[in-house]
Amino acid sequence: MVAFHASALDGVARNPALPTPLLLRLLAFDGGGDRSPPRGALQRAGLSESAVRAILAHPDPGVRIDFALSARAEPAQRARLADDPSPKVRAALAYGPEVYDPRTKVAPLPNAVCVRLLDDPAPSVRTALLDSPHLAASFVASMATHHSSAARREAVREWEILPPGERSALLADPDPGVRRAAALRECRRDARVTAELIRDPKSAAEALRRGLLVRADAERCVAERTHLAALAGNPSLPADLVERLAVDPDEAVRLAVSLRPELDEERRMAIDFTAGDFDRGDGVQWVRDGLTDPKVLRRAAVSAHPLLRRAAVLSPHLPPDLLRLLARVEDPVVENRLGIHHPDTPEEVLMRVFARLGGTFSAWMAETHPRFPREGLAARYADHADGNYRRLAVRDPAATPALIERLSHDPEVWTRQAAAGDPRLPLHRLREALHVPELASSTGANPALPEDEMAAVLNRAGVPA
């Protein structure tokens with residue numbers, strides 16, 4: 001198949017205006033064994049029942065795998081692959097979609113389907129399910145009594161919702177990995193469990209970070225300098241030991257102390273700490289645990305400590321005053337995270353991220369944010385020296401068809417592709433661009449592409465009628 005015919009076909013497969021008969025024709029395509037339906041056809045949103053049936057019945061397991069990994073398919077649709085004859089397909093279903101956009105939320109498979117996959121005869125399927133990031137909390141908790149030690153170990157993730165009897169059973173589990181995982185959850189409230197864990201090199205650091213400490217153990221660890229950076233953040237560390245670690249010669253230890261929740265702002269900022277320019281503050285657990293708590297968010301967001309602000313900005317629940325405050329802090333990490341996680345990020349912040357990081361993931365997240373500016377971009381950027389900015393002119397609802405056509409001839413390929421996918425592109429140029437190799441995919445996805453042109457793309461690509 002000629003390369004740009006394949007590109008045009010990939011574009012048509014993504015086209016939101018693709019008629020159902022052409023979609024079904026595309027889904028039946030097997031390419032004579034050397035080419036399958038494009039992934040864009042298999043991972044469309046809102047697939048009809050006839051389209052889903054065509055995918056489920058396709059002889060190529062790769063087609064069914066692509067559908068199993070679709071973030072746009074309904075869980076009940078994907079769940080119909082639970083009886084697929086290929087373990088590779090069932091493993092793809094069990095793990096679920098690979099999601100790179102943090103704003104994309106994937107609904108979990110029904111619990112009953114997960115139960116079947118957990119007992120699948122293929123080990124790869126069982127492993128994929130336990131590795132999945134898309135499991136419902138209720139299903140994870142239900143694995144606490146499963147015969148598989150790997151499943152019981154995963155159930156510990158939902159420790160707080162497990163009944164007391166199941167917690168006790170996990171703490172006494174015959175598998176040492178399960179017992180250790182359970183103990184690391186229980187140690188927050190049990191000093192005896194903590195004391196046992198800190199004697200085990202495999203669990204000592206985590207137990208010192210989160211466990212309930214007795215003073216003797218805390219003093220011994222300070223004296224022996226055992227995992228001090230972890231210990232410095234422990235909520236139960238006695239106050240006098242906190243003060244001692246606040247002046248420790250190890251910079252990582254002082255930084256950990258500076259992040260403690262009980263410190264007031266004056267004491268916090270009196271500590272000699274250094275936060276890295278790209279340190280995101282992901283380890284500030286009390287803020288991460290409080291992203292829906294207005295009081296926690298306010299304490300972190302108004303702090304002068306950069307890592308507290310960077311942790312707080314992960315919350316999509318920031319009240320308007322805190323959002324405005326964080327939008328003014330001139331911290332690139334904060335701005336990047338606002339563009340990714342907050343639905344009301346101001347336009348000027350999104351533009352700053354785009355201007356600073358054009359061509360990166362964070363810039364793409366800013367540009368695809370619902371609040372990224374649109375009006376006025378054509379007047380500001382259509383003649384900009386940087387093609388990455390000229391591309392923004394296509395986003396402007398006031399951009400004329402003549403401007404869109406001009407930009408479809410731009411020296412910068414990304415700008416040409418953006419213009420080729422815009423429905424305002426004049427029809428003669430739309431037909432022409434369909435035969436330009438680097439524009440074929442964008443043009444094929446253009447919703448203004450006439451149905452006869454879509455059909456012609458399928459014909460040229462060898463898709464049987």
Give, in whole angstrom and from largest to smallest, the semi-axes √(5λ) of the equivalent ellipsoid of the stretch 269-357, with λ running over the eigenvalues of the Cα gyration tensor.
-> 19, 16, 11
If the convex hull is drawn through the Cα atoms of the stretch 1-145, its volume per residue in Å³ | 119
Sparse-neighbourhood loop sites, chymotrypsin sites (Phe, Trp or Tyr not before Pro) in the stretch 1-102 - DSSP loop, at most 13 other Cβ within 10 angstrom | Y100
Of all accessible heavy-atom area on the stretch 384-465, the percent that carbon and sulfur account for (1.4 Å) | 59
Give the accessible surface of the stretch 339-429 per residue, rounded to a whole number of Å², with probe radius 1.4 Å and ligands, DNA and RNA excluded.
-> 46
Computed over the stretch 320-384, Kirkwood Rh from alpha-carbon pairs, angstrom = 12.0
Per Stokes-Einstein, at 10 °C and 1.306 mPa s, what whole-number D in µm² s⁻¹ belongs to the stretch 218-273, with the Kirkwood radius over Cα pairs as the hydrodynamic radius?
-> 145
Calculate, axis by axis, the spread of Cα positions in the stretch 286-442 along the three principal axes, and write the results as whole Å, longest axis first.
-> 59, 27, 21
How about the stretch 235-314: which chymotrypsin sites (Phe, Trp or Tyr not before Pro) there are in a DSSP loop, with at most 12 other Cβ atoms within 10 Å of their Cβ?
-> F278
Within the stretch 337-357, backbone nitrogen closer than 17 Å to the virtual label 7 Å beyond the Cα of A385 toward Cβ = 355-356
Per residue solvent-accessible surface (Å²) - the stretch 48-158, probe of 1.4 Å = 45
Using alpha-carbon coordinates, inclination of helix 3-14 to the longest axis of the chain, degrees = 70
Specify the angular offset, from 0 to 90 degrees and rounded to the nearest 10, of the alpha carbon long axis of helix 176-186 from the longest principal axis of the alpha carbons in the chain.
-> 80
Calc'd 3J(HN,Hα), the stretch 187-192, phi into Karplus 6.51 cos²θ - 1.76 cosθ + 1.60 (θ = phi - 60°), Hz, glycine/Pro = x, comes to 5, 4, 10, 9, 5, 5
The size of the Cβ-based charge dipole (Lys, Arg +1; Asp, Glu -1) of the chain about the Cα centre, to the nearest 20 debye, is 540
Diffing the stretch 65-70: the Karplus 3J(HN,Hα) column from phi (6.51, -1.76, 1.60, θ = phi - 60°), in whole Hz with x for Gly and Pro, holds 5, 4, 5, 4, 9, 7
Separation of alpha-carbon centers, the stretch 350-419 and the stretch 176-199, rounded to whole Å = 54
Give the angle, between 0 and 90 degrees and rounded to the nearest 10, that separates the Cα long axis of helix 215-224 from the longest principal axis of the Cα atoms of the chain.
-> 70
Based on the Cβ-Cβ distance of E348 and A456, what FRET efficiency does E = 1/(1 + (r/R0)^6) give at R0 = 45 Å, to the nearest 0.05?
-> 0.50
So, relative contact order of the stretch 5-110 in percent, Cα under 8 Å, 6 or more apart, is 21
HN-Hα couplings for the stretch 447-459 via Karplus (6.51, -1.76, 1.60; θ = phi - 60°), in whole Hz with x for Gly/Pro, come out as x, 7, 5, x, 4, 5, 6, 4, 4, 5, 4, 4, 4
From the coordinates shown, mean projected area of the Cα convex hull in nm² corresponds to which of (1) 26.1; (2) 31.9; (3) 19.8 | (1)
Please report, largest first and rounded to whole Å, the three semi-axes of the ellipsoid equivalent to the stretch 158-299, where each semi-axis is the square root of five times an eigenvalue of the C-alpha gyration tensor.
-> 28, 19, 13
Contact order relative to length of the chain, as percent, for alpha carbon pairs under 8 angstrom and 6 or more apart = 14
On average over all directions, what projected area in square nanometres does the stretch 391-465 have, based on the convex hull of its Cα atoms?
-> 4.7
Would you work out what percent of the accessible area of the stretch 216-300, with all protein chains in place, is carbon or sulfur (probe 1.4 Å)?
-> 53
Along the Cα-to-Cβ line of D279, 7 Å from the Cα, sits a label point; which residues in the stretch 237-254 have backbone N less than 11 Å from it?
-> 251-254
Taking the stretch 42-183 and dividing mean pair separation by its residue count, relative contact order in percent (alpha carbons under 8 Å, at least six apart) = 16
Per the helix-only model, the chain has a calculated mean residue ellipticity at 222 nm (DSSP H runs of ≥4, -39500 (n - 2.57) each, divided over all residues, rounded to the nearest 500) of -14000 deg cm²/dmol
Give the Rg (one decimal place) followed by the Dmax (whole number) of the stretch 138-189, computed from C-alpha coordinates and expressed in Å.
-> 9.3, 27
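The values are calculated or read from the model by the stated rules, or taken from the named source; none is laboratory data. Here the structure is a predicted model, which is why all the values come from computation and not from measurement. Here the Cβ is made from the backbone with ideal geometry for all residues, glycine too, and neighbour counts use every protein chain on show. Calculation scope for accessible area: heavy atoms of the full protein, side chains included, ligands and nucleic acids excluded. Shrake-Rupley method; radii C 1.70, N 1.55, O 1.52, S 1.80 Å.
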